[in-house]
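The values are calculated or read from the model by the stated rules, or taken from the named source; none is laboratory data. For clarity, every value in this text was computed on a predicted model and none was experimentally measured. Backbone-built Cβ (ideal geometry, glycine too); neighbour counts: all protein chains shown. Areas reflect the complete protein model, heavy atoms only, side chains present, ligands, DNA and RNA absent. Shrake-Rupley method; radii C 1.70, N 1.55, O 1.52, S 1.80 Å.
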There are 4 protein chains.
Amino acid sequence: MIVIMRAGATKGEEDNIIKRIREYNLDADIYPSHGKERRVIGIIGNTRSLRDVPFEIMPGVETVKTVTPPYEKVLLSFTKGKRTIVPIRDDLKVGGKKIILMAGPCAVETKNQLLKTAKSVKEAGAHILRGGAFKPRTSPYSFQGLGKEGLEIISEVKEETGLPVVTEVKSDNMIDLVSQCADILQIGARNMQNFDLLEAVGKCNKPILLKRGMQNTIEEWLLSAEYILQKGNWNVILCERGIRTFENSVGIRNTLDLSAVAFLKQITHLPVIVDPSHATGKRNLVMPMSRAAIAAGADGLLVEVHWNPEEARSDGAQSLLPEDFNQLVREIREIAKAVGREV
Amino acid sequence: MIVIMRAGATKGEEDNIIKRIREYNLDADIYPSHGKERRVIGIIGNTRSLRDVPFEIMPGVETVKTVTPPYEKVLLSFTKGKRTIVPIRDDLKVGGKKIILMAGPCAVETKNQLLKTAKSVKEAGAHILRGGAFKPRTSPYSFQGLGKEGLEIISEVKEETGLPVVTEVKSDNMIDLVSQCADILQIGARNMQNFDLLEAVGKCNKPILLKRGMQNTIEEWLLSAEYILQKGNWNVILCERGIRTFENSVGIRNTLDLSAVAFLKQITHLPVIVDPSHATGKRNLVMPMSRAAIAAGADGLLVEVHWNPEEARSDGAQSLLPEDFNQLVREIREIAKAVGREV
Amino acid sequence: MIVIMRAGATKGEEDNIIKRIREYNLDADIYPSHGKERRVIGIIGNTRSLRDVPFEIMPGVETVKTVTPPYEKVLLSFTKGKRTIVPIRDDLKVGGKKIILMAGPCAVETKNQLLKTAKSVKEAGAHILRGGAFKPRTSPYSFQGLGKEGLEIISEVKEETGLPVVTEVKSDNMIDLVSQCADILQIGARNMQNFDLLEAVGKCNKPILLKRGMQNTIEEWLLSAEYILQKGNWNVILCERGIRTFENSVGIRNTLDLSAVAFLKQITHLPVIVDPSHATGKRNLVMPMSRAAIAAGADGLLVEVHWNPEEARSDGAQSLLPEDFNQLVREIREIAKAVGREV
Amino acid sequence: MIVIMRAGATKGEEDNIIKRIREYNLDADIYPSHGKERRVIGIIGNTRSLRDVPFEIMPGVETVKTVTPPYEKVLLSFTKGKRTIVPIRDDLKVGGKKIILMAGPCAVETKNQLLKTAKSVKEAGAHILRGGAFKPRTSPYSFQGLGKEGLEIISEVKEETGLPVVTEVKSDNMIDLVSQCADILQIGARNMQNFDLLEAVGKCNKPILLKRGMQNTIEEWLLSAEYILQKGNWNVILCERGIRTFENSVGIRNTLDLSAVAFLKQITHLPVIVDPSHATGKRNLVMPMSRAAIAAGADGLLVEVHWNPEEARSDGAQSLLPEDFNQLVREIREIAKAVGREV
């Protein structure tokens, strides 16, 4: 952190700033320097706890620049370059050489619907089944999921197909219940900054799939992951799902931010996957954006598939048919090879 | 809702669409029309429940246009033009001719801090005290509020000053506790789409202050209010607090969207207030944006004031000093007069 | 500018950076400082010419922070607090105590249309007539203005009504022609970064109205103004007209950024006005946003008025009727008084 | 286009609307339909010329929905599925099976710099040399390019290396001059809506590379292309280069919008390439985003390469070294194969 004093700031004002900094007992060096016109105070080290100090309104201060990122444990440098490989089952891990494919319907609707879809995606090569029982919906008039009944269906289909399951947990008091059937707990985009929920899943022993809020920065996303790591759960998978931008002229729902994926693979040890279905909202964009995601470095995909999208109670327009997903797996296999990975 | 069929779509495809619509038993007219080249199906009336039907992937469909807004109870037309006046106390209401000023620190820090600030804003003319005990924070390393201890301080200061209080409730299992001291329950920006929380406050009997999510559309905001009304609580105050845009070149935190305020006053019966402190993040922009908010038609302000902002544990840089707030009240009084209102 | 070296960067790497900086012969101090772990190089003064140096890829560098804003002449501190008052006529100036109202149709369509509208706005209290002869349009199929014929109509109406005129100049080779009838040359939002045009109007002796690009930052806007000042023309009026954001859920065209207005009045000596018509795109939002603009500190308004908006060839939906404008002037008069100004 | 009348609108109001539509002699069907409560007027066909009619303020109208996209000639359906292959030289075309690589420095600085870089990218496999002589720059204090001298250098290097050249044209009066050395004329992002320039290049016989404005929608981009096609020049290459969004928390310059690429390949016959250098602004993101671009369906890349980026006068931080570009070509070759294409 660098505090730049105004031209004409006094020694007393500088001392006052330094005194304030010292109160925090930082693991950091403080070194003031004096030019002809100005004083500048550099504080180099772990300055995270200074972030909330309003230096900019203290006497003599012109502006403040931060250097250290606000997160710590999520950094690849924190683990000295060791990447987190999230174990799902003995033979199934997210974040290694293998690209992991999670597929299934947006919401659980009936046992028949989930089972049919699950069987088809398993056959095509999916590793994990997705499907929501509790659905956060923008409108109170939309289908909100089957709730507990949905969880029971998930349990049955999991048993019949042998597929592990990722499903959403909406609030902290549902974690135990959802954990009974879920192999991965999903935190939805709208809950990315539900800090009580983040802390609660940070204390449980399930892998967490943390979706990026559609309007959240990469920095905020990593801070939300930090909340989970901070409480002890390091098995966090980040999932990019498109951000909200000015672009909505042609019906694409969000802008899939693949630069974020490429960037995250460079600075965090956590695995990163991509949800091309919510990102685009259009079935015929799911295929090319899935290929692009893997080419950008993603560790896996979360794709909506429905055996009969026309009858889907939510997200029908963006769901792949089983035969589309079949094709997707074949294409992803080629791309994975091209980037030195495998499906 | 208008379903436009592709050129060459068949009568059978059209019938299929109409059959699907009829399944919903809508309170709406369906009338197909046939041009030389195309078929168009108009469905005019309450089509809210059709919103999740993926018409666009059904055979023969080119595109779908919606007409009816997705919300209903929040509309001024729903109450036939009657505005909601939210009662706080016998002599204090939000949404009437009187502009309501809510002021106080971001977070409760100590009794001394809250009491000193409360007394000064009361003297200046504030009607309601603000202050948070539970603070949702982007970083796990930031001050998260005093929690229950903060609520106790709020109770004491409320008793000593006689000011009613607005304070935040972060999750549904805290509603009872917070309601013991709060006159208005605040739903924070990051919780605007925490639907469990919205439903829970919809069942309680306290007025609700619903902040706009910093990246949420007006439509989503009204749908979140609809969640609350839908459960029976009509005492909802909307609070604009700035939206996230590309503009961050000069350190202004968010873009205060006053068009939203002007627009909302035209279409909803709910009162609308403005938080210029979070919107701008800069003390010296709070004053002009407060004036602008009232000129645009806002029913009140939610302003951060701290008797010693340099020592504030959060939001110090955007907090007004008591003397600034004093000045603000004087200026707002003039603007209120100019638009036919009063403070 | 602060260059923060990586932990472990060498003295040689630091010297290399300093050597590079010295090549620029800056009016600035360079002072390196060494903590236990790191080296930091502060360069305080006019570092504008260092902005394009890619320090961040030079050996040993971790990151670079800029302090000095990239513009200079537009700053209020550059004129030592003296504000620019732009003279239009002997008795008409923009930027003083008086709020200036510019009104008229989007485009010049016929003499009758412009004359009727001009007379009505003059009578209501407008100071300047607006109207475009050359219209930059997003679609090649839209009405592009009457061109030279439009300029002739403007000249005639100007003579008959005595109103000074603001009209758009689209490219540098049209400046002389447009200057024959224009009292103020308008640079449209889409031309805000047409740097050839900016330099050309910087050399002419007409006042310039510089609209903010709908997706440009305040910093970029001030840099575009700097282009004009740099070439010698200091009579620049800034015009905020709404920015493009994610918000388009309810048909408001852009988000009027009044914080920008309040901020600019604090840091630049140039006058700032607001165009509420293009900002909102809706006739019934023009009134409240005009009031809010003046309350935020704007020096004037640029408003679309048409005596028969239904027949307008562009922007009909956002044009006020003459009687609306009449009402607007009355309301602005009240707001002006409340903020110590006059119309 | 669908005009939805208010409940209670009269037959006369409907007739008035229809009369207004008929004035335009459209190649479209008009068919009104009457439900129990409302009248709806469908106009299906080419309704482009109705876009500027302010129906929404005409008596009895509630809202208007458009169906036909505003552009026409750019549509893949307009050419009945035939894709435009842009010829550069006899053996070099953009838009076919072959992925085209354009590489070189941001700006021409010296003959030595351009020649050295050109030779290295040619050897690595680039097909076309990039380099700007006229540089539109946000700040008046930045390097603006060598101008005519730069064009001469380009001509010499072109002759010595045999590489065709893409370079920017900033204004319509420079087209002839720049055409003397350019094989492709580039329209920069900030000029995407410089309509005079678009019309002028529409009349010349050079291929045009049309960059997307960093804040422009896909719809606006296609309309700008339509301006060029409309004037007779169909050899237009679209170039995605990142859009401006809220995301700037970690120093990535723009958000590369690859969904736009995938979408465009589905609806327009024009080739689409990607500039990963300007999109990300970071050298180490260029490689993964190049791979992702090709996987998403792009027809080529425009990449900044500099033989000595530290000395670059602009964009040094995002320029690849020749050896990086070498690696990039190898990786792109693999991805191209995976999607059934070749380099």
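A few comments on the model shown:
- Residues in the stretch C:44-69 that are at the interface with chain D (Cβ under 9 Å from one of its Cβ atoms) and either among the basic types (Lys, Arg) or under 17 Å from residue D:281 (Cα atoms) (or both): C:48, C:51, C:52, C:53, C:54, C:55, C:56, C:57, C:58, C:63.
- When the stretch C:93-107 is filtered for residues that are in a loop (DSSP other than H, G, I, E, B) and touching a Ser or Thr at 6+ places or on another chain (Cβ under 9 Å), the ones remaining, listed by number, are C:95, C:105, C:106.
- Check on residue B:263, aromatic (Phe, Trp, Tyr) and within 14 Å of chain A (Cβ to nearest Cβ): no
- Check on residue B:249, in a loop (DSSP other than H, G, I, E, B), facing another protein chain (nearest Cβ under 7 Å) and hydroxyl-bearing (Ser, Thr, Tyr): yes
- Flag if residue A:164 is touching an Asp or Glu at 6+ places or on another chain (Cβ under 6 Å), within 22 Å of residue A:92 (Cα to Cα) and at pLDDT 95 or above: yes
- Count of residues meeting criterion [away from chain A (no Cβ under 14 Å), outside any loop (DSSP other than H, G, I, E, B) and buried (at least 17 other Cβ atoms within 10 Å of the Cβ)] in the stretch B:298-325: 6
- Any hit, the stretch C:97-106, residues being free of Cβ contacts under 8 Å to residues at least 24 places away in the same chain and either open to solvent by 10 Å² or more (accessible area, probe 1.4 Å) or touching a strand residue (DSSP E or B) at 6+ places or on another chain (Cβ under 6 Å) (or both): no
For (1) touching a residue at least 24 places away in the same chain (Cβ under 8 Å); (2) closer than 30 Å to residue B:128 by Cβ, each residue gets a yes or a no:
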| site | (1), (2) |
| --- | --- |
| B:25 | no, no |
| B:29 | no, no |
| B:35 | no, no |
| B:47 | yes, no |
| B:59 | yes, no |
| B:73 | yes, yes |
| B:76 | yes, yes |
| B:83 | yes, yes |
| B:90 | no, yes |
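- Considering (1) more than 14 Å from chain C (Cβ to nearest Cβ); (2) free of Cβ contacts under 8 Å to residues at least 60 places away in the same chain; (3) surrounded by fewer than 24 Cβ atoms within 10 Å (Cβ to Cβ), the lone condition that residue D:256 does not fulfil carries the number (3).
- The strands (runs of 3 or more DSSP E) located wholly in the stretch A:1-92 that include 1 or more residues which are surrounded by 14 or more Cβ atoms within 10 Å (Cβ to Cβ) and within 30 Å of the chain's Cα centre (by Cα) occupy A:39-45, A:61-65, A:86-89.
- Scanning the stretch B:287-326 for residues that are in contact with a helix residue (DSSP H, G or I) (Cβ under 8 Å, 6 or more places away or on another chain) and either within 19 Å of residue B:245 (Cβ to Cβ) or among the polar types (S, T, N, Q) (or both) returns B:288, B:289, B:290, B:292, B:293, B:296, B:308, B:318, B:319, B:326.
- Restricting attention to the stretch C:265-282, the residues being over 27 Å from residue C:312 (Cβ atoms) and surrounded by fewer than 24 Cβ atoms within 10 Å (Cβ to Cβ) number 4.
- Apart from one condition, residue B:164 fits all of (1) in contact (Cβ under 8 Å) with a residue 12 or more places away in the chain; (2) under 14 Å from the mean Cα position of the chain (by Cα); the exception is (2).
- Of the candidates B:41, B:88, the single residue that is more than 8 Å from every other protein chain (Cβ to nearest Cβ), under 26 Å from residue B:6 (Cα atoms), in contact with a Pro (Cβ under 7 Å, 6 or more places away or on another chain) and of a type in the set (A, V, I, L, M) is B:41.
- Any hit, the stretch A:276-286, residues being assigned to a loop (DSSP other than H, G, I, E, B), within 16 Å of residue D:293 (Cβ to Cβ) and out of contact with any His (no Cβ under 9 Å at 6 or more places or on another chain): no
- Odd one out for residue A:237, checked against (1) among the hydrophobic types (A, V, I, L, M, F, W, C); (2) away from chain B (no Cβ under 14 Å); (3) without any contact (Cβ under 8 Å) to a residue 60 or more places away in the chain: (3)
- Among residues of the stretch C:326-342 being open to solvent by less than 30 Å² (accessible area, probe 1.4 Å) and within 24 Å of residue C:114 (Cβ to Cβ), the one that is nearest to the other protein chains (Cβ to nearest Cβ) is C:332.
- When the test is whether a residue is touching a strand residue (DSSP E or B) at 6+ places or on another chain (Cβ under 8 Å), surrounded by fewer than 24 Cβ atoms within 10 Å (Cβ to Cβ), in contact (Cβ under 8 Å) with a residue 60 or more places away in the chain and hydrophobic (A, V, I, L, M, F, W, C), residue C:184 passes it.
- One residue stands out in the stretch C:200-231 among those that are among the charged types (D, E, K, R) and at the interface with chain D (Cβ under 8 Å from one of its Cβ atoms): the one that is most open to solvent (accessible area, probe 1.4 Å), namely C:220.
- Every test in (1) out of contact with any Pro (no Cβ under 9 Å at 6 or more places or on another chain); (2) within 19 Å of residue B:206 (Cβ to Cβ) is passed by residue B:126 save one, and that test is (2).
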